[in-house]
1. Could you give the distance between the Cα centres of region 76-116 and region 48-66, to the whole Å?
2. Can you list the lysines whose alpha carbon sits under 26 Å from that of Lys74, skipping same-chain ones fewer than 8 residues off?
3. What net charge is computed for the residues neighbouring Pro86, neighbours being all others with C-beta under 14 Å from the C-beta of Pro86, Lys and Arg scored +1, Asp and Glu -1?
4. Take every DSSP beta bridge whose two residues both sit in the chain, then give the antiparallel share in percent to the nearest 5.
5. Run the reach check for Lys85 against aspartates and glutamates, Cα to Cα strictly under 15 Å, same-chain hits fewer than 8 apart removed. What comes back?
6. In debye to the nearest 20, how big a dipole does the chain give about its Cα centre with +1 on each Lys and Arg Cβ and -1 on each Asp and Glu Cβ?
7. How high is the relative contact order of the chain, in percent, with contacts defined as C-alpha pairs under 8 Å that are six or more residues apart?
8. Across bins of 5 angstrom width beginning at 0, how are the C-alpha pair distances of the chain distributed, in whole percent?
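The values are calculated or read from the model by the stated rules, or taken from the named source; none is laboratory data. Note that the structure is predicted; figures quoted are calculated from it, not measured. Please note: Cβ atoms are built from the backbone with ideal geometry, for glycine as well, and neighbour counts cover all protein chains shown. Heads up: the accessible areas ignore ligands, DNA and RNA and are worked out on the full protein's heavy atoms, side chains in. Shrake-Rupley method; radii C 1.70, N 1.55, O 1.52, S 1.80 Å.
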Amino acid sequence: VQLQASGGGLVQAGESLRLSCVASGNVLSLQAIGWYRQAPGKQRELVADVNSGGYTNYLDSVKGRFTISRDNAKNTVYLQMNSLKPEDTGVYYCHGATSVVGREYWGQGTLVTVSS
């Protein structure tokens, strides 16, 4: 599986961005796909994901501001980020999880910078 992320950029606080992650290869092997982020000096954390049944999961600090969605026809997952805050700054990584322990996939990161 290959994951291609895009959509990062520099915005001001309160503005919006939409990230996209296009999956290719054996996408049917993915049980869930989502986004992690890593801020400077911090550990990578799960921001949001959606599983094959459509169930979504969000980091508490982004609930109500971020929305994850998927377009199965395009093998694409989106992360709509509204009301961005400086603390949302970081490198965002697309991630694909499978049912096999230790088998996971990462896309390249896309940088999101939110200025105050």
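1. The two parts, judged by their Cα centres, are 12 Å apart.
2. Straight-distance partners of Lys74: Lys63.
3. Details: positive: Arg37, Lys42, Arg65, Lys85; negative: Glu15, Glu87, Asp88.
Here the count lands on +1.
4. Values: 39 of 43 bridges.
So the antiparallel bridges amount to about 90 percent of the total.
5. The reachable aspartates and glutamates, counting only those whose Cα sits under 15 Å from Lys85, are Glu15, Asp60.
6. Numbers: 10 positive and 8 negative charges, 13 e Å.
So the magnitude is around 60 debye.
7. Working: 284 pairs, mean separation 42.7, N = 116.
RCO, the chain: 37 percent.
8. Calculated P(r), rounded to whole percents: 2, 12, 24, 26, 19, 10, 5, 1, 0.
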